[in-house]
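The values are calculated or read from the model by the stated rules, or taken from the named source; none is laboratory data. These numbers were taken from a predicted model, which means no experiment stands behind them. All Cβ positions, even for glycine, are placed from backbone atoms using ideal geometry, and neighbour counts span all protein chains on display. All accessible areas refer to the heavy atoms of the entire protein, side chains included, with ligands and DNA or RNA removed. Shrake-Rupley method; radii C 1.70, N 1.55, O 1.52, S 1.80 Å.
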Amino acid sequence: MRTELNRGLAEMLKGGVIMDVVNAEQARIAEAAGACAVMALERVPSDIRRDGGVARMSDPELIIEIKQAVTIPVMAKVRIGHFVEAQILEALRIDFIDESEVLTMADDQFHIDKHKFEIPFVCGARNLGEALRRIGEGAVMIRTKGEAGTGNVVEAVRHMRTMLAEMRRVQLAPDEELMTLAKEFGAPIHLLQEVKRLGKLPVVNFAAGGLATPADAALMMQLGCDGVFVGSGIFKSSNPARRAAAIVEATTHYADKERLAHISRGLGTAMAGLEIARLETTFAERGQ
Amino acid sequence: MIVGVLSLQGAFREHLRAVQRLGHEAREVKSEKDLRGLQALILPGGESTAMGKIIERNELREPLRDFAANKPTMGTCAGAILLAKDIIGETKNYLGVLDIAVERNAYGSQLDSFVGQGTVGRLHDFPLVFIRAPLIRSVSASVEVIAKLGEDIIGVRSNNLWACTFHPEMTADTRLHALFLQHA
C-alpha cells in the first residue's frame, strides 16, 4: 500500500519542475514560479563542486524552515547508503527523499534498503540496470544522474538515451533471453519482465543533472522524460524568478516550438557551464 | 463524446486513459483552443499551485471558468482546489465556480497519505486513494455531498460540477468517470 501511494505521489509530480532551493526565500520564489516540488539543500551542486569537502544531508533546521514556507511537496537529499540520514528526514515528515550522488557517498558498496521506509525515495541512474537496481531496492521514482552543477545537459541526454535504447532491447527480446539480459544489466528479472510488458520503467522517470535552459527542459521532455529537476540552473542564473517560470512553461509546452521560442526570449544570462571532460569529480560515477 | 483533460501538470495521462477505456475520445487541454468542441472536462490531480500558476500565465483562467460554468466538469484532488470558491487561509481562488471551501494538504505530508474504500454516490466499495489530499471543509446549500469518509466530505456535486478529494484516476476502477460522463 505504501509503495502504491508513494508511486502515486511521483505520478502527481509529472509534467512538473522540481527546483533546488537553499533557503525559504528561494523556496517561495520556486513555488511562485510554478515548481511542483522543491529540493531543500544547503548548497546547490555547482557550489558543492566549487567548495569541495564532504557534502552531507542538510541541517534539519533549514529543511523545516523551507517546509513551513511552501505548500508544495518538499524533498531533501541524503548520502548514498546513509540510512540514518534517511531516518532523520522521515522523522521530519518531509514528502520525498533523494538518495543522491551529488552528496558524498556514505557507503561505497550498498544503497539504502528503501523498502524499510514509509517515505518515498527517488534515485539517480545512468542506465537501465542502475534504474532497476534502485527500483528493486524500493525507489518509487528515477531520475537521470546527468552531471549536476555543470549546466551541461550532455550527460542527462546520454543517460536518458541509454535507458531508452536498453528498454527497446528488452522489449524486442524474446522471453527466453530475459534472464541473460538480467545478468548483463545486473537487474532483477521480474523488473525486466515488467519493462517488457509496460514498454517503459514501472515508475516515473525524470530528467536531472545539468539542465539550465527552457530548451534543455523541453529537450528532455521530448526524449520521453516525465518531468525535470533543475538544480544550480535557476538560482545561479541572472534572473532566477523569470528563468524558473520559463522552465516550468517549457516543461508544459515542450512540444510547441512557437511557444518555446517565445518562452526562451530575454531570460538574462544562464549559469556558466562546465566542460565534462575537464571535471575533477564526476558525481555520476558515484553509487552504481 | 469528446472529453478534455487539463494537461498542464500532474496525472493527466491517467484520466485520458480512463476516458478512452470507457470508449470516449480523450483530448489534452493545454491552451484555450483545445477547449473547442469538448462536451466535458476533467481537471486532474497534481500540484494545484503549479497548475494555478500555469493557468494564470497562459491566460486560461477565463476560458476554463466559462467552460466550467456551463459544461460538465470534474475536478479530482488538485482539480477540486481549482474549482473551489474558497481556499482556506488564502484570499485568492482559481476558477471559483464551485461553492465549497477546501483546505490544502489537510491530512499532512506524504507520510499521511492513505488508501481507503467507501461509497461514492451510488457506487459501493469504491477505492479511495488520498495523496497529500485536500479536505472539503464546508459546502453551500446548493451543493450535494456524494461521498464521505467518516465525517470528512470527500466528494460533491453541484449541477454540472463534480469534485472529489481522492484520485479515481489512480485505480483501474472507472465507475466514477462513467457516472460523471453519463450525466454529461
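Roughly how many percent of the accessible protein surface of the range B:124-184 is carbon and sulfur, given a 1.4 Å probe and a whole-percent answer? Numbers along the way, then the final one.
Numbers: 1080 of 2330 Å².
Reported share for carbon and sulfur atoms: 46 percent.
Using a 1.4 Å probe and ignoring any ligands, DNA or RNA, find the accessible area of A:Glu249 and quote it in Å² to the nearest 10. Number for this one is 20 Å².
For the pair A:Met179 and B:Glu32, label points projected 7 Å from Cα toward Cβ lie 6.2 nm apart.
How do B:Arg17, B:Arg65, A:Arg286, B:Arg132 stack up against each other in accessible area, from largest to smallest, with a 1.4 angstrom probe?
Working: B:Arg17 115, B:Arg65 70, A:Arg286 50, B:Arg132 25 Å².
My answer, sorted largest first, is B:Arg17, B:Arg65, A:Arg286, B:Arg132.
Overall, the accessible surface of the range B:1-56 at a probe of 1.4 angstrom is composed of carbon and sulfur to the extent of 44 percent. With protein chains left intact and a 1.4 Å probe, residues in the range A:100-199 average 42 Å² of accessible area per residue.
In terms of Cα atoms, the Rg and Dmax of the range A:123-165 work out to 10.3, 30 Å.
Kindly state, to the nearest 0.05, the FRET efficiency for B:His124 paired with A:Asn23, given R0 = 56 Å and r defined as their beta-carbon distance. Don't skip to the end; give the middle numbers.
Working: r = 49 Å, r/R0 = 0.88.
Result of the calculation: an efficiency of 0.70.
Once the Cβ-Cβ distance of A:Ala165 and B:Glu151 is raised to the sixth power relative to R0 = 60 Å, the FRET efficiency obtained is 0.70.
A plus B alone minus the pair: what accessible area, both sides summed, probe 1.4 Å, in Å² to 100?
By this definition, chains A and B bury close to 2800 Å².
For A:Arg143, the residues whose modelled amide H falls within less than 5 Å of its own, excluding neighbours fewer than 5 places apart on the same chain, are A:Cys123, A:Gly124, A:Ala125, A:Phe206.
Mind scanning A:Lys116/A:Lys196; B:Lys53/B:Lys85; A:Lys145/B:Lys30 and naming the pairs with a C-alpha gap bigger than 23 Å? Could you put the intermediate results ahead of the total?
Details: A:Lys116/A:Lys196 27 Å; B:Lys53/B:Lys85 17 Å; A:Lys145/B:Lys30 29 Å.
Table pairs above 23 Å Cα-Cα are A:Lys116/A:Lys196; A:Lys145/B:Lys30.
The Kirkwood radius of chain A, taken over pairs of alpha-carbon atoms, gives through the Stokes-Einstein law at 10 °C and 1.306 mPa s a diffusion coefficient of 85 µm² s⁻¹.
Write down the accessible area per residue of the range B:20-111 in Å², having rolled a 1.4 Å probe over the full set of protein chains. Write down the numbers at each step before the final one.
Values: 3660 Å² over 92 residues.
About 40 Å² of surface per residue is accessible.
Residue-wise HN-Hα couplings along the range A:65-75, as the Karplus relation 6.51 cos²θ - 1.76 cosθ + 1.60 with θ = phi - 60° gives them from phi, are 4, 5, 4, 6, 7, 9, 9, 6, x, 10, 10 Hz; Gly and Pro carry x. Here the scattering of the range B:95-184 is modelled by Debye summation over its C-alpha atoms, one equal scatterer each and no solvent; at q = 0.22 Å⁻¹ the log10 of I(q)/I(0) is -1.19.
For the range A:63-89, heavy-atom accessible area (probe 1.4 Å) falls by no less than 20 Å² from the chain alone to the full protein assembly at A:Thr71, A:Ile72, A:Pro73. Taking all protein chains together, A:Lys183, A:Lys77, B:Lys33, A:Lys236 sort by accessible area into A:Lys183, B:Lys33, A:Lys236, A:Lys77, largest first [probe 1.4 Å]. Entry note, chain A: relative contact order of 20 percent, from Cα contacts under 8 Å with a spacing of 6+ residues.
Over 17 Å apart: what share of the alpha carbon pairs of the range A:105-144 falls there, rounded to a whole percent? For the range A:105-144, the share of Cα pairs beyond 17 Å comes to 25 percent.
Counting only protein heavy atoms and a probe of 1.4 Å, the accessible surface of the range A:44-85 is 49% carbon and sulfur. Accessible area per residue was computed with a 1.4 Å probe on protein heavy atoms; A:Asp51 scores about 80 Å². Computed with every protein chain present, the accessible area of A:Met179 is close to 120 Å² [probe 1.4 Å]. Per residue, chain B reaches -6500 deg cm²/dmol at 222 nm when only DSSP H runs of four or more residues are counted, each adding -39500 (n - 2.57). Accessible-area loss of 10 Å² or more (1.4 Å probe, protein heavy atoms, chain alone versus all protein chains) is found in the range B:121-159 for B:Val129, B:Ile131, B:Arg132. Comparing each chain alone with all protein chains together (probe 1.4 Å, DNA, RNA and ligands left out), the residues of the range B:35-63 losing at least 30 Å² of accessible area are B:Glu47, B:Thr49, B:Ala50, B:Lys53, B:Ile54, B:Arg57, B:Asn58.
For A:Lys114, the aspartates and glutamates whose Cα comes closer than 17 Å to its Cα, not counting residues fewer than 8 places off in the same chain, are A:Glu4, A:Glu85, A:Glu90, A:Asp95, A:Asp98, A:Glu99, A:Glu101, A:Glu130, A:Glu137. Our coupling estimate for the range A:149-155, obtained by passing each phi through the Karplus curve with A = 6.51, B = -1.76, C = 1.60 and θ = phi - 60°, is x, 9, x, 10, 7, 4, 6 Hz, Gly and Pro reported as x. Where both bridge residues fall in the protein assembly as shown, DSSP classifies roughly 30% of the beta bridges as antiparallel.
Beta bridges per DSSP, both residues in the range B:40-149: antiparallel share near 65 percent.
May I ask you to derive the FRET efficiency for A:Glu4 and A:Thr71 from their Cβ-Cβ distance with R0 = 22 Å, giving the value to the nearest 0.05? The value I calculate is 0.40.
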